[in-house]
Amino acid sequence: MSAFQNAMRQLDLAATAMHLPAPNLERLRQPERIVDVHVPVAMDDGSQRIFHGFRVQYSNARGPYKGGLRFHPQVDLDEVKALSFWMAVKCAVVNVPFGGGKGGVTVNPKDLSIGELERLSRAFIRAIADVIGPDKDVPAPDVNTTPQIMDWMADEYAKIVGTPSPAVITGKTIPNGGSEGRGAATGHGAFRVFEAFRAAHGMDPETATVAVQGFGNAGQEIARLFHHHGYKVVAVSDSRTALHDENGLDIPALIQAKRSTGHLGQPHGSRTVTNEELLRLPCGVLVPSALENQITDANAEALSCRMVLEVANGPTAPEADALLAKRGIPVVPDVLVNAGGVATSYLEWEQNRINEHWTEAGVLTRLEALMDDASHAVMEAAKTYAVTYREAAFIVGLERIRKAQDDVA
Ligand code: NAD
């Protein structure tokens, strides 16, 4: 099943449980606007290459469309639609005044030189400039897009509109209007959510082990925080390698290795496993932090974790959700767990609009309050409706979207 079909199944399940009125459900079954572009980019060898990209604006009932831009060879319209829908739900779950959007370019950025990457980033923004803006649609980083790329995009947008407009894009570098704490926000928020659910499930930090799939921006930070708080992180992986050490991996050393060499290496005492084996390792918390559809009906029965903490977007397929629920393994869902990224994007957008720059402590305190409120709302809804945490998170988000839709209907 495709990512968007999965997303629509999740929508239907929650809509049924909460009796979402049909007109509201109908409005959420497709995006409000799809922008599909082909952008020419001059390559270093003098040739021209055309890149295919998208911006999907799913819902702006609660505020400007909001969501990241992904540069990845597997980006297609179906994936971007799913991600934009999840953004609409996520912004509502964490209660920031944004709707949902997402974008992407079908490209492997590792094949481009730095100059080609900059020209592609600027060309993509020129192609979608008409439909974005601080009050219209506010992009941000996602897989393979960086603060540097956001700076290029914000700069290109400023040239087009003729005035600096930092609030058009979040996730910028600090000198260009980025927020303190943004780099660590997704991991920080995810760990905060985990702590709320750990307490509810009586998990002991002394004995709970952790396996993290994906070692990028989000995966590194959540692994670092688990390690920092005394948890044994027994496995991590990137797209090339998965490492396992039942005595616990030295996460700061692995982060250092990944940053300086681009690889995880092979630390003493660890063994190499496949990414599929990583998912099946016995552990307390499995933390998918890479791409969609990693936990499916093909491997859900074989998982031997006590909890799934979804840092990635859409890592668990609906059939796998049902199997895990039957097995009593709670899945703390993406739309809550990784909402710290967009929550801090909101704080960056707010700072840009009022021309302020807040301290990291100030940003993280506000982030923690947003994550705590969202975690408690989801736990409460799970009890009230007797549903899984995913359905509960969707119910919380959809109810807020419904109210906003009805206010302007
Ligand atoms: P990233 O590009 O920095 O890292 C992705 C990581 O996943 C890399 O280590 C890559 O090697 C690894 N990977 C790719 N394919 C893999 C595979 N098949 N098996 C194992 N590892 C694989 O991206 P990111 O920003 O860390 O995002 C990761 C996930 O978290 C995505 O689903 C993204 O949408 C979600 N997310 C990220 C943020 C954020 O602020 N970074 C916010 C919300 C959600």
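Overview of results
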{"quantity": "Index of the failed condition, SER165 passing every other in (1) among the hydroxyl-bearing types (Ser, Thr, Tyr); (2) away from the ligand (no atom under 16 Å from the Cβ); (3) within 25 Å of ARG280 (Cα to Cα)", "calculated": "(3)"}
{"quantity": "Filter result (charged (D, E, K, R) and over 30 Å from MET307 (Cα atoms)) within segment 330-357", "calculated": "GLU348, GLU350, ARG353, GLU356"}
{"quantity": "Residue in segment 226-238 that is within 29 Å of PHE394 (Cα to Cα), in the same structural domain as ARG198 (by TED's automatic domain parsing) and either loosely packed, with under 14 Cβ neighbours inside 10 Å or more than 12 Å from the ligand (Cβ to nearest atom) (or both) present", "calculated": "yes"}
{"quantity": "Members of segment 100-122 found to be part of a helix (DSSP H, G or I) and closer than 30 Å to ALA61 by Cβ, listed by number", "calculated": "SER121"}
{"quantity": "Filter pass, GLY248 being more than 10 Å from the ligand (Cβ to nearest atom), in contact (Cβ under 8 Å) with a residue 24 or more places away in the chain and touching a strand residue (DSSP E or B) at 6+ places or on another chain (Cβ under 6 Å)", "calculated": "yes"}
{"quantity": "Where a residue in segment 108-120 is in contact (Cβ under 8 Å) with a residue 12 or more places away in the chain and assigned by TED's automatic domain parsing to the domain that holds THR146 and its partner, wherever it lies, is part of a helix (DSSP H, G or I) and not hydrophobic (A, V, I, L, M, F, W, C), with Cβ under 7 Å and at least six apart", "calculated": "LEU117/PRO109"}
{"quantity": "Answer from ALA253, ALA257, ALA199 - the residue that is more than 11 Å from the ligand (Cβ to nearest atom), closer than 22 Å to LEU324 by Cα and either outside the structural domain of LEU324 (by TED's automatic domain parsing) or not in a loop (DSSP other than H, G, I, E, B) (or both)", "calculated": "ALA199"}
{"quantity": "Residues located in segment 170-196, provided they are polar (S, T, N, Q), over 19 Å from ALA339 (Cβ atoms) and assigned to a loop (DSSP other than H, G, I, E, B)", "calculated": "THR173"}
{"quantity": "Checklist (1) modelled with pLDDT of 95 or more; (2) buried (at least 16 other Cβ atoms within 10 Å of the Cβ) applied to GLU319, failing item", "calculated": "(1)"}
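The values are calculated or read from the model by the stated rules, or taken from the named source; none is laboratory data. Note that the structure is a prediction, hence the values are computed from the model and not measured. Backbone-built Cβ (ideal geometry, glycine too); neighbour counts: all protein chains shown.
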